[in-house]
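S.K.: I am attaching a structure below and will ask some questions about it afterwards.
The values are calculated or read from the model by the stated rules, or taken from the named source; none is laboratory data. No experiment lies behind these values; they were computed from the predicted model shown. Using ideal geometry, Cβ is built from the backbone for each residue, glycine included, and neighbour counts are taken over all protein chains shown.
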Amino acid sequence: MDMPTPDASIIARKSTIVERLQSVLPHDAVIHDERETRAYECDGLAAYKCPPLCAVLPSSTQEVAAVMKVCHEMGVPVVPRGSGTSLAGGAMPTADAVILGVARLNDVLETSYEDRIIRVQSGRTNLSVTGAVETDGFFYAPDPSSQLACAIAGNIAMNSGGAHCLKYGVTTNNLLGVTLVQMDGTIVEIGGGHLDAGGLDLLGVICGSEGQLGVVTEATLRILHKPEGARPILMGFDSAEAAGTCVSDIIKAGVLPVAIEYMDRMCIEVCEAHAGAGYPLCEALLIIEVEGSPAEIDEQLAVIKDIAAKQNPNTMREAANAEEAGRIWLGRKSAFGAMGQINDYMCLDGTVPVNELPNVLRRIGELSKEHGLDVGNVFHAGDGNMHPLILYNANTPGDLERCEALGEEILKLCVEYGGCLTGEHGVGIEKRDLMLYQYDPADLEAQMAVKDVFDPAWLLNPSKVFPLATSAARRDGKQAA
Amino acid sequence: MHTTEDDIAQAIAAASGPLQIIGGGTRPVGQPAVGEALPLAGLSGVTLYEPGALTLVAKAGTPVSEIEKILAAENQRLAFEPMDFRTLMGTDGTPTIGAVVAGNVSGPRRIAVGACRDFLLGVRFVDGSGQVVKNGGRVMKNVTGYDLVKLMCGAYGTLGALTEVSLKVMPMDETSTTLRYAGQDVAQSVALMSAALGTPFEVTGAARKNGDTLLRLEGFAGSVAYRVAELQKRLASFGTAEEITDAKAQNDLWTAQRDVTRFADRAVVWRVSLRPSHAAGFVEGIDGIDVDLDWGGGLLWIAAQDGADHEAIHHSLQDAAAKTGGHATLIKGPDALRAAVPTFQPQEPNLAAITKGLRAKFDPRGILNTGVMI
């Protein structure tokens with residue numbers, strides 16, 4: 001993975017930069033000892049590492065603004081960091097960059113059940129947002145699988161999804177307002193407790209901009225009342241086509257499950273060996289969960305079972321109680337851990353139109369054979385958000401490169417079938433150089449023009465999202481913004 | 001008449017002055033437009049419809065009615081319920097999907113399912129230099145690069161002329177029931193709607209029109225019946241509701257709500273987005289207005305009474321929105337009023353600078369829908 005050569009003149013000024021940052025922050029909020037900065041050398045894409053120049057942990061919007069002003073004046077790049085769970089390298093530093101962590105910004109600022117909103121500081125973890133309102137029966141809907149650890153700031157930066165977004169949408173559909181600190185330290189308020197922020201939809205473009213437009217320090221989020229109940233049903237099929245057709249037919253029928261999860265034979269076998277959830281050993285398995293009162297759930301599941309029956313499932317098992325529901329979810333929830341125990345893996349998240357799932361799965365199988373690496377598939381089928389897991393051995397020289405080459409082929413395949421490179425993980429450094437498969441230079445130029453407005457000097461998380469060659473002139477300050 | 005994206009790109013590249021982008025011409029919102037007309041109606045047709053993937057792609061000038069007809073044949077619809085402005089504005093013409101997107105136009109169901117922007121999966125547009133740009137695509141989840149899809153939605157054509165849009169569509173519901181509560185004032189009505197929306201019963205419309213509060217529930221028949229009963233139990237303290245179950249009666253009621261037809265005979269109408277809990281206080285002390293609510297009280301439709309001071313009301317509304325958070329937009333008014341006041345809520349300077357910066361990037365000559373919004 002190429003990264004730009006760090007600016008030696010910035011590294012040479014480290015002590016001055018640290019002093020300036022210490023002048024605007026409490027002493028313990030500036031981390032510059034090399035033994036300690038190592039804690040920030042990577043995120044969830046742990047194959048790539050680089051300790052930052054230093055890291056700062058501000059405790060307020062004003063402190064964030066002060067840090068930004070210092071870095072702006074001194075021409076130092078800033079890499080914002082939520083909880084560091086990004087799978088795409090979105091929070092990976094460079095040696096000449098200051099990591100700005102939001103971990104100390106974790107208060108709940110306001111809760112209104114009348115307006116169904118909560119306003120939080122952005123370092124608060126996803127799950128603890130729900131934690132703040134669940135005793136009153138409410139929840140925050142987006143639920144990335146890292147929700148115990150991941151921060152709202154990172155969710156907004158990457159526009160995170162989760163298993164339940166089929167019904168409730170992803171972060172951008174649940175975000176009403178932000179306080180944003182721009183690279184020059186300017187603080188702007190966008191949106192608030194009302195629907196559809198006024199003017200241009202800046203909220204829409206900030207969400208998912210991977211920390212390149214500003215640092216979000218506060219966010220107003222939509223909260224919802226929890227459903228009365230939920231129940232999963234498990235179905236096994238003899239082919240990917242049958243399972244794929246079943247998914248498409250369910251969606252068309254007007255039932256809106258909260259989740260439709262898919263596992264292929266390889267994942268089923270690995271998960272069974274690991275968790276013993278009692279899954280049928282077959283070609284494709286679906287876990288479909290619906291919500292409501294017991295009678296409403298019965299009504300929805302009756303429709304779903306009728307549709308599924310047309311595809312001759314070999315298994316159809318509805319959870320009769322909480323324990324059975326837990327067992328149905330057990331294998332799916334342990335899938336990534338189970339795969340990790342048998343090998344290293346790379347997880348992609350290309351998304352395709354739901355009706356193309358069977359074709360894409362078949363082609364992934366063919367590519368897997370051609371490249372000689374196993375691929376397991378476990379993913380959010382309802383919205384076509386695939387998660388092919390390519391297995392490789394990090395200790396075998398050349399294996400990572402082979403894995404990346406196969407990954408590239410799979411993502412190109414997703415684009416070819418009308419899909420995209422990433423559905424919920426983000427581009428980061430991982431898919432940066434594949435962007436030209438999906439977008440023409442003019443399309444990327446339009447996106448980069450947005451960054452030019454928010455961050456004319458390209459100091460904020462500069463080496464991400466766009467192919468390095470495409471963004472080079474801007475990062476080097478050679479193109480007037 | 002331009003019939004292809006290339007035609008539009010050439011027309012914009014060759015333009016020597018301002019251009020008014022026109023869809024169906026049914027919504028004269030914003031400062032009175034200047035310049036030569038750039039009609040998009042010739043750019044028409046659904047190019048892809050996959051009912052099994054809930055996706056529809058259409059050229060920007062495609063009539064909304066044509067899309068609705070194609071969807072209805074597969075028992076699907078545009079769930080965000082876009083408003084038809086013709087009755088309110090007293091215009092004719094054919095509403096187009098591109099203009100719906102350009103205005104981020106969403107109806108009563110927005111409170112439950114999201115706005116037009118939440119259903120917009122992809123766009124193609126021509127920027128102010130004549131450059132064709134695409135963003136997003138036709139899949140449900142997409143975080144590949146910046147989300148210019150949302151930026152274009154609601155930009156009123158000031159960043160580019162939309163040429164194609166890709167939308168998520170939804171299945172129609174099997175049935176619906178509307179509950180009507182009579183005789184609530186604004187504060188009581190908002191409290192009632194907030195209570196209803198704070199239950200697990202998935203209310204898909206919460207509005208107050210002419211003194212009546214309306215709550216809509218949609219879904220499978222058994223589920224709707226159950227939720228109607230449970231909801232009324234929770235709302236017992238607000239009085240007894242009339243249950244409207246006739247499909248046509250409900251359709252008429254919600255279409256009228258969506259299209260704000262009650263104010264069709266008024267000369268001046270505003271639209272205000274704010275926190276529902278601020279709704280009652282917001283209109284207190286402003287004389288000469290009538291108010292309907294939508295989105296659980298988060299959307300106010302305000303009409304001036306005969307003889308009221310329009311300009312004074314306009315400034316009162318935008319001042320109040322600036323104070324409480326939210327925004328007030330002049331939707332309908334005589335040209336003189338539209339020319340005299342800022343149509344859209346003025347932004348604080350730092351935010352306005354970002355808006356201006358984006359406009360300068362996407363339309364460096366400032367020729368697209370000049371003055372309408374930016």
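S.K.: Where residues in the range A:200-230 are surrounded by 23 or more Cβ atoms within 10 Å (Cβ to Cβ) and either closer than 30 Å to A:Glu324 by Cα or without any contact (Cβ under 8 Å) to a residue 12 or more places away in the chain (or both), which of them is farthest from the other protein chains (Cβ to nearest Cβ)?
M.R.: A:Ile223
S.K.: Next question. Give just the number: which of (1) in contact (Cβ under 8 Å) with a residue 60 or more places away in the chain; (2) more than 8 Å from chain A (Cβ to nearest Cβ) does B:Phe80 not satisfy?
M.R.: (1)
S.K.: Which of the following residues is more than 24 Å from B:Ile111 (Cβ to Cβ), within 8 Å of another protein chain (Cβ to nearest Cβ) and touching a strand residue (DSSP E or B) at 6+ places or on another chain (Cβ under 9 Å): A:Lys305, A:Lys252?
M.R.: It is A:Lys252.
S.K.: Something else now. Of all residues in the range B:128-154, which are more than 7 Å from chain A (Cβ to nearest Cβ) and either under 23 Å from the mean Cα position of the chain (by Cα) or of a type in the set (Lys, Arg) (or both)?
M.R.: Within the range B:128-154, B:Gly136, B:Val149, B:Met152 meet the criteria.
S.K.: Return the residues of the range A:418-450 that are surrounded by fewer than 19 Cβ atoms within 10 Å (Cβ to Cβ) and over 19 Å from the mean Cα position of the chain (by Cα); say none if nothing qualifies.
M.R.: Hits for the range A:418-450 are A:Leu436, A:Tyr437, A:Asp440, A:Pro441, A:Ala442, A:Glu445.
S.K.: Whether any residue in the range A:16-27 is within 29 Å of the chain's Cα centre (by Cα) and crowded, with 17+ Cβ neighbours inside 10 Å is what I want to check.
M.R.: No, that holds for no residue.
A quick yes/no check of all residues on (1) of a type in the set (Gly, Ala, Ser); (2) out of contact with any Leu (no Cβ under 9 Å at 6 or more places or on another chain):
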{"residue": "B:Thr245", "(1), (2)": "no, yes"}
{"residue": "B:Lys248", "(1), (2)": "no, yes"}
{"residue": "B:Asn251", "(1), (2)": "no, yes"}
{"residue": "B:Asp259", "(1), (2)": "no, no"}
{"residue": "B:Ala264", "(1), (2)": "yes, no"}
{"residue": "B:Ala267", "(1), (2)": "yes, no"}
{"residue": "B:Val272", "(1), (2)": "no, no"}
{"residue": "B:Gly288", "(1), (2)": "yes, yes"}
{"residue": "B:Asp319", "(1), (2)": "no, yes"}
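S.K.: Now a separate question. Sort out which residues of the range A:156-182 are surrounded by fewer than 24 Cβ atoms within 10 Å (Cβ to Cβ), in a loop (DSSP other than H, G, I, E, B) and either modelled with pLDDT of 95 or more or within 8 Å of chain B (Cβ to nearest Cβ) (or both), and write them in order of number.
M.R.: Hits for the range A:156-182 are A:Gly169, A:Gln182.
S.K.: Which one of these is part of a helix (DSSP H, G or I), more than 14 Å from chain B (Cβ to nearest Cβ) and surrounded by 18 or more Cβ atoms within 10 Å (Cβ to Cβ): A:Arg362, A:Arg332?
M.R.: A:Arg332
S.K.: While we're on this one: Inspect the range A:281-290 for any residue being within 23 Å of A:Ile250 (Cα to Cα) and in a helix (DSSP H, G or I) and give the result as yes or no.
M.R.: no
S.K.: Could you grab me the full set of residues in the range B:187-216 that are more than 26 Å from B:Phe119 (Cβ to Cβ), more than 11 Å from every other protein chain (Cβ to nearest Cβ) and modelled with pLDDT of 95 or more?
M.R.: Residues satisfying the conditions are B:Ala187, B:Gln188, B:Ser189, B:Leu192, B:Asp212, B:Thr213.
S.K.: OK, next. May I ask you to list pairs of residues, at least six apart or on different chains, whose Cβ atoms are under 7 Å apart, with the first in the range A:420-444 being more than 7 Å from chain B (Cβ to nearest Cβ) and in a loop (DSSP other than H, G, I, E, B) and the second being surrounded by 24 or more Cβ atoms within 10 Å (Cβ to Cβ) and of a type in the set (Val, Ile, Thr)?
M.R.: Hits for this filter: A:Lys431/A:Thr422.
S.K.: Output the residues belonging to the range A:410-460 that are acidic (Asp, Glu) and within 20 Å of A:Gly89 (Cβ to Cβ).
M.R.: The answer is A:Glu424, A:Glu430, A:Asp433, A:Asp455.
S.K.: I'd like the full set of residues that are among the β-branched types (Val, Ile, Thr) and part of a strand (DSSP E or B), limited to the range B:151-188.
M.R.: Hits for the range B:151-188 are B:Thr163, B:Val165, B:Thr175, B:Thr177, B:Thr178.
S.K.: Continuing with this model, one more query. Filter the range B:103-125 down to the residues that are more than 9 Å from chain A (Cβ to nearest Cβ), buried (at least 22 other Cβ atoms within 10 Å of the Cβ) and in a helix (DSSP H, G or I) and list them by number.
M.R.: B:Cys116, B:Phe119
S.K.: With the checklist (1) crowded, with 21+ Cβ neighbours inside 10 Å; (2) in contact with a helix residue (DSSP H, G or I) (Cβ under 6 Å, 6 or more places away or on another chain); (3) in contact (Cβ under 8 Å) with a residue 40 or more places away in the chain; (4) small (Gly, Ala, Ser) in hand, flag the one item B:Ser189 doesn't pass.
M.R.: Result: B:Ser189 fails condition (2) only.
S.K.: Next question, about the same structure. Residues being more than 21 Å from the chain's Cα centre (by Cα), surrounded by 20 or more Cβ atoms within 10 Å (Cβ to Cβ) and basic (Lys, Arg): count how many of those fall in the range B:313-334.
M.R.: Adding up the residues that qualify gives 0.
S.K.: Would you be able to say whether some residue in the range A:220-239 is within 21 Å of A:Ala103 (Cα to Cα), assigned to a strand (DSSP E or B) and modelled with pLDDT of 95 or more?
M.R.: yes
S.K.: Further question: Count, please, the residues in the range B:155-178 that happen to be touching a residue at least 60 places away in the same chain (Cβ under 8 Å) and either farther than 24 Å from B:Gly219 by Cα or within 10 Å of chain A (Cβ to nearest Cβ) (or both).
M.R.: Count: 16.
S.K.: If a residue has to be crowded, with 24+ Cβ neighbours inside 10 Å and not in a loop (DSSP other than H, G, I, E, B) to count, how many in the range B:136-148 make the cut?
M.R.: 1
S.K.: Still on this model: Looking at the range A:30-52 only, could you name the residues that are of a type in the set (A, V, I, L, M) and either touching a strand residue (DSSP E or B) at 6+ places or on another chain (Cβ under 6 Å) or modelled with pLDDT under 95 (or both)?
M.R.: Within the range A:30-52, A:Val30, A:Ile31, A:Leu45, A:Ala46, A:Ala47 qualify.
S.K.: Just checking: which of the strands (runs of 3 or more DSSP E) contained wholly in the range B:266-374 hold 1 or more residues that are modelled with pLDDT under 95?
M.R.: Result: empty, no element qualifies.
S.K.: Additional query: Would you confirm whether any residue within the range A:45-54 is touching a helix residue (DSSP H, G or I) at 6+ places or on another chain (Cβ under 7 Å) and among the aliphatic types (A, V, I, L, M)?
M.R.: Yes: the range A:45-54 contains one or more residues that are touching a helix residue (DSSP H, G or I) at 6+ places or on another chain (Cβ under 7 Å) and among the aliphatic types (A, V, I, L, M).
S.K.: Continuing with this model, one more query. Of everything in the range B:34-77, what is within 14 Å of chain A (Cβ to nearest Cβ), not in a helix (DSSP H, G or I) and not acidic (Asp, Glu)? Give them in sequence order.
M.R.: B:Thr47, B:Leu48, B:Tyr49, B:Leu54, B:Thr55, B:Leu56, B:Val57, B:Asn75, B:Gln76, B:Arg77
This table checks each residue for (1) in contact (Cβ under 8 Å) with a residue 24 or more places away in the chain; (2) surrounded by fewer than 22 Cβ atoms within 10 Å (Cβ to Cβ).
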site	(1), (2)
B:Leu300	yes, no
B:Asp306	no, yes
B:Glu311	yes, yes
B:Ala336	no, yes
B:Ala353	no, yes
B:Lys356	no, yes
B:Lys361	no, yes
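S.K.: Give me a count of the residues in the range A:79-95 that are surrounded by fewer than 24 Cβ atoms within 10 Å (Cβ to Cβ) and not in a loop (DSSP other than H, G, I, E, B).
M.R.: Number of matching residues: 0.
S.K.: Something else: Within the range B:214-237, identify whether any single residue is under 23 Å from B:Asn75 (Cβ atoms), part of a loop (DSSP other than H, G, I, E, B) and among the hydroxyl-bearing types (Ser, Thr, Tyr), and answer yes or no.
M.R.: No, there is no match, as no residue in the range B:214-237 is under 23 Å from B:Asn75 (Cβ atoms), part of a loop (DSSP other than H, G, I, E, B) and among the hydroxyl-bearing types (Ser, Thr, Tyr).
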